[in-house]
Structures are given as C-alpha cells and as structure tokens.
Amino acid sequence: MPEAVQSPGQRHAQPSGEHHSAGAARHTPTRIVLAVLSTLVSVNIWTGGPLLALWVGSRVQEAQGQFTMGAVAAVIGTLVVITFVLYKLLVLLQARYNAAIGTEGARRQTAWLKPMSGERRALAVRKPLTAVERITVVSVVAAVLVFEVWFFFFAHYSLPG
C-alpha cells in the first residue's frame, strides 16, 4: 500500500527499519533546519537574551554613571520574559523535531502522580538524549567554557584575595 494512502496507525505498524529510512530521507532538510534553529535558540538563551536585557536596561537608565533600580528591574524583567519565550520556542522546536523524525514526545507526569517504586523511571533513564537535548547540553557547556576563558584570561580586573 502506498505510504500516502496509509493512516498514521498503519504507518507505525510497519517494521521500524522501513519507516525510519524512508521517513529520514524525506524529512532530512526539515530535520536540519529544526536542528539549526534549536541551536540558535539554545545559544541565544545564554548570549542574546542577556545582551538584549542589558541593552534594554541601558536605555532605561537616565544618565551615564548613575545606577538606578529602574534599570535593574528592566534588566531582570526583560531577561525573565526573553528567557521564558526562548524556552517555549525551544520546546516547540523539539516537538516539531520529534514529529519530523517520527517519534512521540515523552508523556509528562507531575511528581506527585509518579509511582514511588521507580520501576518506570528505570526505563526512562535508559533512553538516549534527543537531538535537541544534545544541542542544548553542548550549548550550555560551550557557554560555561567561554565564560571561564573570558573570566580568567580576558577580564581586566584582579580576583579578590
């Protein structure tokens, strides 16, 4: 039966090798675009968002050299909003990526409804990271390493002590 005529339930009934290879070839450009967008959003959570928040705070500050609480509040508020929006965008991109590769997202369950025995948790721990999760981990590690290099080698002030 041609794949265009099959229902979603029938498509999942096929052996995983057939469906995955045909779906992977068909959705490769989509997966690449989604991975690139996920990388950009993940990096901007650590770089672009804080820089934009500082820029907004600099525009709120009335005069150079004066430190105002309004500027601090503007930076914190802007950072919270930008980080939340970028986080939601990253979640959306991960859902789209999972749909493009043909996997379903993990069912989310609140902590107080989870079983106490941990039997299902053992299965979840064995799952490998998704591509978007790997991208996020790599961007966080890169952000921390770049900060450490800047702090120890390029910051023009001495450490206390």
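Any chance the range 80-92 includes a residue that's farther than 30 Å from Arg59 by Cα, hydrophobic (A, V, I, L, M, F, W, C) and modelled with pLDDT of 70 or more?
Within the range 80-92 (the criterion being farther than 30 Å from Arg59 by Cα, hydrophobic (A, V, I, L, M, F, W, C) and modelled with pLDDT of 70 or more), the answer is yes, since at least one residue qualifies.
Taken together, the residues in the range 27-68 that are surrounded by 14 or more Cβ atoms within 10 Å (Cβ to Cβ) and among the basic types (Lys, Arg) amount to 1.
Considering only residues in the range 118-161 that are surrounded by 10 or more Cβ atoms within 10 Å (Cβ to Cβ) and basic (Lys, Arg), the one that is modelled with the highest pLDDT turns out to be Arg134.
Is at least one residue of the range 65-77 at pLDDT 90 or above, hydrophobic (A, V, I, L, M, F, W, C) and under 14 Å from Thr136 (Cβ atoms)? Checked against the condition, which is being at pLDDT 90 or above, hydrophobic (A, V, I, L, M, F, W, C) and under 14 Å from Thr136 (Cβ atoms), the range 65-77 yields no hits at all. Taking residues in the range 36-62 that are within 30 Å of Ala100 (Cα to Cα), and partners anywhere that are modelled with pLDDT under 90 and hydroxyl-bearing (Ser, Thr, Tyr), the pairs with Cβ atoms closer than 8 Å and at least 6 places apart or on different chains are Ser38/Tyr97; Ser38/Thr136; Thr39/Ser139; Ser42/Thr136; Ser42/Ser139; Val43/Ser139; Ile45/Ser139; Trp46/Ser139.
The values are calculated or read from the model by the stated rules, or taken from the named source; none is laboratory data. It should be emphasised that the depicted structure is a prediction, and the values quoted were computed from it without experimental measurement. With ideal geometry, Cβ positions are generated from the backbone for all residues, glycine too; neighbour counts draw on all protein chains shown.
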